[in-house]
1. Determine whether residue 117 is at positive phi and over 18 Å from the mean Cα position of the chain (by Cα).
2. Looking at 152, 188, can you tell me which residue is open to solvent by 50 Å² or more (accessible area, probe 1.4 Å), under 18 Å from residue 102 (Cβ atoms) and at pLDDT 90 or above?
3. Can you find even one residue in the range 108-115 that is exposed (fewer than 13 other Cβ atoms within 10 Å of the Cβ), hydroxyl-bearing (Ser, Thr, Tyr) and at pLDDT 95 or above?
4. As an exercise: evaluate residue 134 against (1) exposed (fewer than 15 other Cβ atoms within 10 Å of the Cβ); (2) free of Cβ contacts under 8 Å to residues at least 60 places away in the same chain and give the number of the one condition it does not meet.
5. Yes or no: the range 11-23 includes at least one residue that is at pLDDT 85 or above and part of a strand (DSSP E or B).
6. Please go through (1) more than 18 Å from the chain's Cα centre (by Cα); (2) modelled with pLDDT under 95 for residue 65 and return the number of the only condition it doesn't satisfy.
7. Only one residue in 49, 53 is touching a residue at least 24 places away in the same chain (Cβ under 8 Å) and surrounded by fewer than 16 Cβ atoms within 10 Å (Cβ to Cβ), so which one is that?
8. Can you tell me which residue in the range 139-149 is nearest to residue 46 (Cα to Cα), limited to those that are crowded, with 17+ Cβ neighbours inside 10 Å and modelled with pLDDT of 90 or more?
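The values are calculated or read from the model by the stated rules, or taken from the named source; none is laboratory data. Computed from a predicted model, the values in this text were never measured in an experiment. No Cβ is skipped: glycine too gets one built from the backbone with ideal geometry, and neighbour counts run over all protein chains shown. Side chains included, ligands, DNA and RNA excluded: accessible areas come from the protein's heavy atoms. Shrake-Rupley method; radii C 1.70, N 1.55, O 1.52, S 1.80 Å.
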Amino acid sequence: MKKILAFLAIVGFASTAQAGQYFVGGGVGFNWTEDTETAFNISPELGYKMSPKWDIGLGLGYSYYNDHPTSTDINSFSVAPFARYNLVQFGKFNVLLKGSVDFSYANASAGGSSISGTSFGINIAPMVTYDISESFTLYANLNFLGVGLNNYSGDLYDALGVSGTRIGLYLDSTDVFNTNNVQVGFYYNF
């Protein structure tokens, strides 16, 4: 019954959409080093094109991190409503600003004990898209460059030494290809 209801909801959603108004997609990231860490993240998104310049949407996220030397596992879940503004278009390439309000919960466990924390952030960062076709768009969030206001609270962030509120301008070219700094994904446009 649940599958039938889900199918009907998708069909209803798709049938009300005008060409190119709705999009779904997201990104997946993986980082592994033999002796130090394993990291994985997935971030599906659903959105609506309000005009040729403005998009709004909702992003969800899950990330897993394992620190091999300490056998610490960190699981994080997030919800991030966003808005995007198309700054400039060069043929099939677009440069956009993406603003998001991020809410997340993280839990770390090691040796049978567990600590957790929450975070809240307002961030603006550039992104680049490339339209493969009318239906498919590749994107890259350039998280190494942006501005943000973030608050971290809880035992986990106390242990990591990042508790409190941080306001910042982010410009980190030291490790541009880190999966936290550049997130690559795709959108399917209805």
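1. Working: at positive phi: no; over 18 Å from the mean Cα position of the chain (by Cα): yes.
Taking the combined requirement at face value, the residue does not satisfy it.
2. Values: 188 fails: under 18 Å from residue 102 (Cβ atoms).
Being open to solvent by 50 Å² or more (accessible area, probe 1.4 Å), under 18 Å from residue 102 (Cβ atoms) and at pLDDT 90 or above holds for just one of 152, 188, which is 152.
3. Going residue by residue through the range 108-115, those that are exposed (fewer than 13 other Cβ atoms within 10 Å of the Cβ) are 111-114.
This time we only want the ones that are hydroxyl-bearing (Ser, Thr, Tyr), so: 113-114.
This time we only want the ones that are at pLDDT 95 or above, so: 114.
Within the range 108-115 (the criterion being exposed (fewer than 13 other Cβ atoms within 10 Å of the Cβ), hydroxyl-bearing (Ser, Thr, Tyr) and at pLDDT 95 or above), the answer is yes, since at least one residue qualifies.
4. Going through (1) exposed (fewer than 15 other Cβ atoms within 10 Å of the Cβ); (2) free of Cβ contacts under 8 Å to residues at least 60 places away in the same chain one by one, residue 134 breaks only (2).
5. Filtering the range 11-23 down to residues at pLDDT 85 or above leaves 21-23.
Now restrict to residues that are part of a strand (DSSP E or B): 22-23.
Yes; the residues of the range 11-23 include at least one that is at pLDDT 85 or above and part of a strand (DSSP E or B).
6. Unmet condition: (1).
7. Working: 49 fails: surrounded by fewer than 16 Cβ atoms within 10 Å (Cβ to Cβ).
On inspection, the qualifying residue turns out to be 53.
8. Per the criteria, the residue is 139.
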